[in-house]
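Just below is one structure, and these are the notes that go with it.
Derivation of every value follows stated rules applied to the coordinates shown; laboratory data play no part. The model shown is predicted, which means the values in this text are computed figures rather than measured ones. Here the Cβ is made from the backbone with ideal geometry for all residues, glycine too, and neighbour counts use every protein chain on show.
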Amino acid sequence: MKQFLIDGNNLLFKIKKLEKLMKRDKQAAREKLAYMIDDYFIKKGDAVTIHFDGFENVKINLSKAKIIYAQNENADSMIKRQIESSKNPRNLVVVSSDVKDIVHYAKKFGCEILSSEKFSAMLSSYLNKIPGDEKSNAGISLNESKKMFDL
């Protein structure tokens with residue numbers, strides 16, 4: 001089983017509509033991203049943790065994914081700490097395009113790296129295969145999720 005560590009803010013800024021929403025309503029952007037990720041992983045055997053900068057505003061209830069807020073630190077530090085404490089970092093998949101801070105660090109530990117752009121494309125492809133009138137596990141219309149990717 002793989003453990004995905006997702007740099008949430010980094011990924012948010014790779015999805016144009018979520019990036020725009022982030023400027024107006026950070027909580028709504030985080031929720032939409034978290035629900036999309038949760039839906040993507042719900043039937044997979046992998047574990048997933050989304051790391052966000054800052055503090056939890058409103059609890060986001062997810063079925064599969066776990067969210068960690070950096071609070072007074074930054075998400076990069078939290079991701080590094082999770083990599084360091086892993087018993088088997090080779091089972092970690094780090095999703096980030098922060099080459100300077102996260103990617104080089106994760107590579108030192110033998111983690112698999114997946115760029116935020118590539119993961120965003122994987123989410124988009126997944127959403128494109130689902131009929132639009134279905135509801136996500138969080139009760140959000142998948143049509144709404146698809147709009148985030150201009151599908």
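Kindly put ILE50, ILE60 in sequence by how many other C-beta atoms sit within 10 Å of each C-beta, fewest to most.
ILE60, ILE50
If you keep only loop residues by DSSP, which GluC sites (Glu not before Pro) in the stretch 73-134 have at most 16 other Cβ atoms within 10 Å of their Cβ?
Those that pass, being in a loop and sparsely packed, are GLU73, GLU134.
Please report MET36, MET78 as a ranked list, fewest other C-beta atoms within 10 angstrom at the top and most at the bottom.
Ranked by crowding around the Cβ, least crowded first: MET78, MET36.
Expressed as an acute angle from 0 to 90° and rounded to the nearest 10, what is the orientation of the C-alpha long axis of helix 26-41 relative to the principal long axis of the chain?
Around 80 degrees separate the two axes.
With no solvent and one point per C-alpha, what does the Debye sum give as log10 I(q)/I(0) for the stretch 73-127 at q = 0.16, 0.31 Å⁻¹?
Those come out to -0.48, -1.21, one per q.
Label-point separation (nm) for LYS44 and ASN72, each offset 7 Å from Cα along Cα-to-Cβ?
3.5
Using a 10 Å Cβ count of at most 12 others and DSSP loop calls, identify the longest part of the chain lacking such trypsin sites (Lys or Arg not before Pro).
Between the exposed loop sites, the longest stretch runs 1-42.
For the chain, what is the relative contact order in percent, using Cα pairs closer than 8 Å and at least 6 residues apart in sequence?
For the chain, the relative contact order is 27 percent.
Return the equivalent ellipsoid semi-axes of the chain as a descending list in whole Å, where each equals the square root of 5 times an eigenvalue of the C-alpha gyration tensor.
In descending order, the three semi-axes are 24, 17, 14 Å.
Given points 7 Å out from each Cα along the Cα-Cβ axis, report the ARG81 to ALA121 separation in nanometres with one decimal.
3.4
With runs of 4+ DSSP H residues as the only contributors, calculate the mean residue ellipticity of the chain at 222 nm using -39,500 (n - 2.57) per run, divided by the residue total and rounded to the nearest 500.
-12500 deg cm²/dmol
For the cross-link pairs LYS20/LYS59; LYS2/LYS108; LYS2/LYS129; LYS44/LYS80; LYS59/LYS87, which exceed 20 Å when the distance is taken from alpha carbon to alpha carbon?
From the list (LYS20/LYS59; LYS2/LYS108; LYS2/LYS129; LYS44/LYS80; LYS59/LYS87), the Cα-Cα distance tops 20 Å for LYS20/LYS59; LYS2/LYS129; LYS44/LYS80; LYS59/LYS87.
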